[in-house]
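The values are calculated or read from the model by the stated rules, or taken from the named source; none is laboratory data. Quick caveat: nothing in here was measured; it's all calculated off a predicted structure. Every residue, glycine among them, receives a Cβ derived from its backbone with ideal geometry; neighbour counts consider all protein chains shown. What goes into the accessible areas is simple: the full protein's heavy atoms, side chains included, and nothing from ligands, DNA or RNA. Shrake-Rupley method; radii C 1.70, N 1.55, O 1.52, S 1.80 Å.
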Amino acid sequence: MGRAKTAVRRSPLPSPASGSVNEREAKKKGSGNKTSGQGPMAGLRERKKARLRQQIVETALHLFRRRGYENTRIDDIVQTLEISQPTFFRYFPSKDAVLREVGRRAFARQAESLKSELSTKATTEQRLRRFYETLGNVTEVGRPLWQAVILAGAMDPVRSPELRGAEAAAVSLLREIIAEGQRNGEITLDFPVVHLAEFMEGLFNTVVRQWAVDLTGPHKLTERVRNAVEFFLRGAKP
């Protein structure tokens, strides 16, 4: 059916009879058009889609920070962007899905930061202190947003399985840092590197969750993160 429609659009003449030379030529032309559609035009469409997806995320984040996650509606996002709700839903099935995208990008940024640390000649202590200090500062600045992320489980690979790959990539780099510390005699060999990375991540995640919902009363996140890192480093000494 697709080829027949293509033939009609390309010629004002009636559709040729089945099996005729004209029909075979129309099929060839239709096939050629499909191939060309996979070239520059297809690439342009993909770039436009990626750009709009990015705009949706950025607009949603702006509104989440300004109004709060609960007080921001999908209507607010689409009206700000001047797009329709169906267009929004082609990219994200729900408002929570935008938060999960925020979580995925946060894991990606962590991975980039850990890669950067691995490229330095710093000690394991210096790398971990610097990495978690930066992470704590970024999180503290955007508290209302990260509170929503945590409460929605938008960075929890158990509740959001689509995040498992991004989270695993970041954790594997943390393991590399700790493994290098073991090889250099800076970190104990009494525990597997997998467990040590889990301990450090568990400390950080617990501190952030407590801070996000004020379970232990007001406190400064960066200070708690710094203490968590120091606690881990002291316990991990050889």
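Quick look at the values:
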| quantity | calculated |
| --- | --- |
| Count of residues meeting criterion [out of contact with any Ser or Thr (no Cβ under 9 Å at 6 or more places or on another chain), in contact (Cβ under 8 Å) with a residue 12 or more places away in the chain and open to solvent by 50 Å² or more (accessible area, probe 1.4 Å)] in the range 168-184 | 2 |
| Count of residues meeting criterion [assigned to a loop (DSSP other than H, G, I, E, B) and more than 22 Å from Glu167 (Cα to Cα)] in the range 59-106 | 9 |
| Qualifying position, being open to solvent by less than 10 Å² (accessible area, probe 1.4 Å) and not polar (S, T, N, Q), among Ile77, Ile83 | Ile77 |
| Hey, Gly142 closer than 20 Å to Arg130 by Cα, modelled with pLDDT under 85 and not hydrophobic (A, V, I, L, M, F, W, C) or not | yes |
| Flag for Pro93 being exposed (fewer than 13 other Cβ atoms within 10 Å of the Cβ) and at pLDDT 90 or above | yes |
| Which listed residue is touching a helix residue (DSSP H, G or I) at 6+ places or on another chain (Cβ under 7 Å), modelled with pLDDT of 80 or more and of a type outside the set (Gly, Ala, Ser), from Gln79, Gln110 | Gln110 |
| Single condition Arg164 does not satisfy, out of (1) over 16 Å from Thr124 (Cα atoms); (2) in contact with a Pro (Cβ under 9 Å, 6 or more places away or on another chain); (3) crowded, with 16+ Cβ neighbours inside 10 Å | (3) |
| Matching residues, the range 110-133, being of a type in the set (Lys, Arg) and touching a residue at least 12 places away in the same chain (Cβ under 8 Å) | Lys115, Arg127, Arg129, Arg130 |
| Residues (under 22 Å from Gln210 (Cβ atoms) and either of a type in the set (Asp, Glu) or open to solvent by less than 30 Å² (accessible area, probe 1.4 Å) (or both)) located in the range 96-134 | Leu99, Val102, Gly103, Ala106, Phe107, Gln110, Leu128, Phe131, Tyr132, Glu133 |
